[in-house]
Amino acid sequence: MDRIRIIGGARLNGSIPISGAKNAALPLMIASLLTSEGLTLENVPRLADITALLRILSNHGVDYSIDGKRPGAVQTTGRTLHLRAKDIVDTTAPYNLVSTMRASFWVIAPLLARMGEAKVSLPGGCAIGTRPVDLLLMALEKLGASIDIDAGYVIAKAPKGLIGGEIDFPKVTVGGTHTALMAASLAHGHTLIKNAAREPEIVDLADCLIKMGAKIKGAGTSRIEIEGVARLGGARHAVLPDRIETGTYAIAAAMAGGDVLLEGARPELLQSALDIIASTGAEITSTNEGIRVRRNGSGILPADISTAPFPGFPTDLQAQFMALMTRAGGVSRITETIFENRFMHVQELARFGAKIRLEDDAAIVTGVKTLKGAPVMATDLRASVSLVIAALAAEGETIVHRVYHLDRGFEHLEQKLVDCGAQVERLAGQG
């Protein structure tokens, strides 16, 4: 497995193009199963999860082609993906495919809505908690589906089609809202989703579905209404910029110091996080080109955060922010409210010399003046990039092992950092 070698201490100066959002691209790709016509997605990032989902969709009969592979093309710009599910050849999503990526379980919604049946493997657990699918299945049952679980597979049936209904989520769920949106778009009649997730990626999916002919109102609020249609058509849609990547590089600039333009970033997608990062001493300004993040030689100020559904502080930036706080001049409290077991990066940050104490669902971080480079191991996607952020400010050399986690969610991370002056290189084939 590849490793990443980082020599800390360099300030970041330059521009970083923000890629299309993985968490938007995945449900958009799955939505291609809802129509027999073509769906073209622009600004699709080059990520391992995208490649994995293409294999899964191909198994169901989706044909695809990718633009942007021409010699000399700028590799930091997103690709254009053409998808067409003219004929669904298989309504089963087997374990060996679903187990590679949890979001692929969402294929159950369009398969059920379009074909009246689906058999999808349960995704199992993951490193940051069980993340159960019970709310997704509850949403489908509210739309008239029968759900059985047999030998690790969810068998969903609606032979006469789904029927509009009222879905009241007991807690905010992004996956449940994605699932409900796709299923209700082809259901007979009216559907009301209460306590819907408000994340920008939900709005992006709704916007694309509307282009395909869906009738959706209220996306981006906690109350979404859908009037089902008999069929959906093709569309062309650009994936919104990745707010988690934006926040990650903003934190990296605050950690290492310097002056970085995050090209194409949209501040409204993560304003609460930007406000918190600014409170630590970074100067953050919006421009016509994106978001500019600057920090001079002044120290990093401590700040408390508690993760929350959008528009609150994203759980997917918690690990990165913790890395920043390891160098703050004081004590910070970081509370994780979304996922259990999402402090697995703590023991690895401690290898840099960070002082972090766990207290139930919170991490108490006492900033230190100096971090020291060390060999560290990534445990999941967001934890892995927190180690990179710590390494940028650490003295000496850091080797990050298991970087396949990074490849799942960050497009050309090393090159983007190198272009801003960081000393980062990939070491192939070991670790």
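The values are calculated or read from the model by the stated rules, or taken from the named source; none is laboratory data. Predicted model only: the values in this text are computed from it and were never measured. Cβ sites come from the backbone with ideal geometry, for glycine too, and all protein chains shown count toward neighbours.
Scanning the range 300-318 for residues that are of a type in the set (A, V, I, L, M) and in contact with a strand residue (DSSP E or B) (Cβ under 9 Å, 6 or more places away or on another chain), we see that the one that is surrounded by the most Cβ atoms within 10 Å (Cβ to Cβ) is Leu317.
Kindly evaluate Ser185 against the criterion of being over 21 Å from Glu340 (Cα atoms), of a type in the set (Ser, Thr, Tyr) and more than 23 Å from the chain's Cα centre (by Cα). Against the criterion (over 21 Å from Glu340 (Cα atoms), of a type in the set (Ser, Thr, Tyr) and more than 23 Å from the chain's Cα centre (by Cα)), Ser185 qualifies. Quick check on this structure: which one of Phe352, Phe339, Phe321, Phe343 is part of a loop (DSSP other than H, G, I, E, B) and at pLDDT 95 or above? The match here is Phe352. Condition check for Ile149 on (1) assigned by TED's automatic domain parsing to the domain that holds Ser272; (2) of a type outside the set (Phe, Trp, Tyr); (3) modelled with pLDDT under 95: one failure, at (1). With the structure loaded, tell me whether Ala25 is of a type in the set (A, V, I, L, M), modelled with pLDDT of 95 or more and in a loop (DSSP other than H, G, I, E, B) or whether it fails that test. So Ala25 does not fit the description; no.
Tell me, yes or no, whether the range 56-69 has at least one residue that is free of Cβ contacts under 8 Å to residues at least 24 places away in the same chain, assigned to a loop (DSSP other than H, G, I, E, B) and in the same structural domain as Lys160 (by TED's automatic domain parsing). Yes. Residue count for the range 369-383 satisfying the condition of being farther than 22 Å from Leu301 by Cβ and modelled with pLDDT of 90 or more: 6. With respect to Ala118, is the statement that it is among the hydrophobic types (A, V, I, L, M, F, W, C), in contact with a helix residue (DSSP H, G or I) (Cβ under 7 Å, 6 or more places away or on another chain), in the same structural domain as Ile216 (by TED's automatic domain parsing) and crowded, with 19+ Cβ neighbours inside 10 Å true? Yes, satisfied. Only one of the numbered conditions (1) without any contact (Cβ under 8 Å) to a residue 60 or more places away in the chain; (2) over 20 Å from Asn23 (Cβ atoms) is violated by Asp259, and that is (1). Of all residues in the range 319-349, how many are farther than 18 Å from Ser279 by Cα and either touching an Asp or Glu at 6+ places or on another chain (Cβ under 9 Å) or surrounded by 16 or more Cβ atoms within 10 Å (Cβ to Cβ) (or both)? Qualifying residue count, the range 319-349: 12.
A count restricted to the range 385-407 and to residues that are hydroxyl-bearing (Ser, Thr, Tyr) and modelled with pLDDT of 90 or more stands at 2.
Quick one: would you say Ile30 is touching a residue at least 60 places away in the same chain (Cβ under 8 Å), buried (at least 17 other Cβ atoms within 10 Å of the Cβ) and not hydroxyl-bearing (Ser, Thr, Tyr)? Yes. Output yes when any residue across the range 47-64 is at pLDDT below 95 and over 22 Å from Val107 (Cβ atoms), and no when none is. No, every residue in the range 47-64 fails to be at pLDDT below 95 and over 22 Å from Val107 (Cβ atoms). Scanning the range 133-171 for residues that are of a type in the set (A, V, I, L, M), more than 21 Å from Leu232 (Cβ to Cβ) and either touching a Lys or Arg at 6+ places or on another chain (Cβ under 8 Å) or in a strand (DSSP E or B) (or both) yields Leu135, Ile147, Ile149, Val154, Ile155. Count of the range 184-197 residues, restricted to those that are buried (at least 21 other Cβ atoms within 10 Å of the Cβ) and within 12 Å of Arg223 (Cβ to Cβ), is 4. The residues of the range 362-384 that are exposed (fewer than 15 other Cβ atoms within 10 Å of the Cβ) and either under 28 Å from Lys22 (Cβ atoms) or acidic (Asp, Glu) (or both) amount to a single one, Pro375.
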